[in-house]
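The values are calculated or read from the model by the stated rules, or taken from the named source; none is laboratory data. For clarity, every value in this text was computed on a predicted model and none was experimentally measured. Note: ideal-geometry Cβ built from the backbone for every residue, glycine included; neighbour counts use all protein chains shown.
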Amino acid sequence: MIAKRSLSNLPDEKLAPLGLAEPEATLTIQRAGKPDRVFDVGGEAFGTRDRYLREKDTGTIYLVKEDLIRPLKHGTTRLPDRELIGVEMKELAKVTVKDATGAERSFEHRNRVDEKAAYWGAVGEEGSLEPAKTWVEALLKLKSTSFVAAEDTPTTTTVMATVVTEDAKGQKVTLELIKGTDADGKEAWYAKSTHTRLLVKMSSAQTGDLVADIPTVMGAKAQ
């Protein structure tokens, strides 16, 4: 994020004209391995639609383009990342599936670096499991349709399956596939993962089919 200009050492009595005496929002930027940077979001600059930001730690004020701020105002519904897990098949090392009863089974991606020789098998068992491969492929194709806005919060939810994925670096993502009732009283599917962080809406057909196939994967025999 690049500022058009910055101001420092501005006295508190001059914050009000910039909309920073009572800021309308807060912007937090998380950085890997570094402290968060937190900004107060102020008003628009006179004659433009640019916005004032004030860094909480330093008090420095920045003028940034409105185009940088506008998408964040509606980030829960407009941000483009529809991924539930955020990992490609070749990077995936292990998947653990738990159904609504608590029964679970783990599968590992063997020879994953060699696409032609790669296959999926149950942890602790020999042989390949084609149903596991097919199910994981369908899992990775699953995408959210949007985040759930406050006014669309479901009235009931039941976790129908929990999936824990682990990539080659040991990074894990936990995903819940959730069946519920939407704000209009209709049956709907949702998901929430450590990648999405928030509850997201799902395609009922695709998500329902994936969950319905879990018993097949759980009971599959190695070839």
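Within the stretch 4-35, being over 13 Å from Leu63 (Cβ atoms) and of a type in the set (S, T, N, Q) holds for Asn9, Thr26, Thr28, Gln30.
Close contacts from the stretch 163-192, counting a first residue that is at negative phi and surrounded by 14 or more Cβ atoms within 10 Å (Cβ to Cβ) and a second that is assigned to a loop (DSSP other than H, G, I, E, B) and among the basic types (Lys, Arg), with Cβ to Cβ under 9 Å and a gap of 6+ residues or different chains, come to Ala168/Arg112. Does at least one position in the stretch 156-170 carry a residue that is more than 20 Å from the chain's Cα centre (by Cα) and not in a helix (DSSP H, G or I)? Yes, the stretch 156-170 contains a residue that is more than 20 Å from the chain's Cα centre (by Cα) and not in a helix (DSSP H, G or I). Candidates Gly47, Gly42: the one that is surrounded by 12 or more Cβ atoms within 10 Å (Cβ to Cβ), over 13 Å from Ser6 (Cα atoms) and of a type in the set (Gly, Ala, Ser) is Gly42. Tell me, please, whether a residue that is assigned by TED's automatic domain parsing to the domain that holds Glu66, of a type in the set (Gly, Ala, Ser), closer than 14 Å to Lys65 by Cβ and not in a strand (DSSP E or B) can be found in the stretch 14-33. No, that holds for no residue.
Among the residues of the stretch 131-150, none qualifies, meaning not one is outside any helix (DSSP H, G or I), more than 22 Å from Leu84 (Cα to Cα) and not aliphatic (A, V, I, L, M).
Please enumerate the residues belonging to the stretch 110-127 that are crowded, with 16+ Cβ neighbours inside 10 Å and either within 19 Å of the chain's Cα centre (by Cα) or more than 26 Å from Trp189 (Cβ to Cβ) (or both). Across the stretch 110-127, the qualifying residues are Arg112, Tyr119, Gly121, Ala122.
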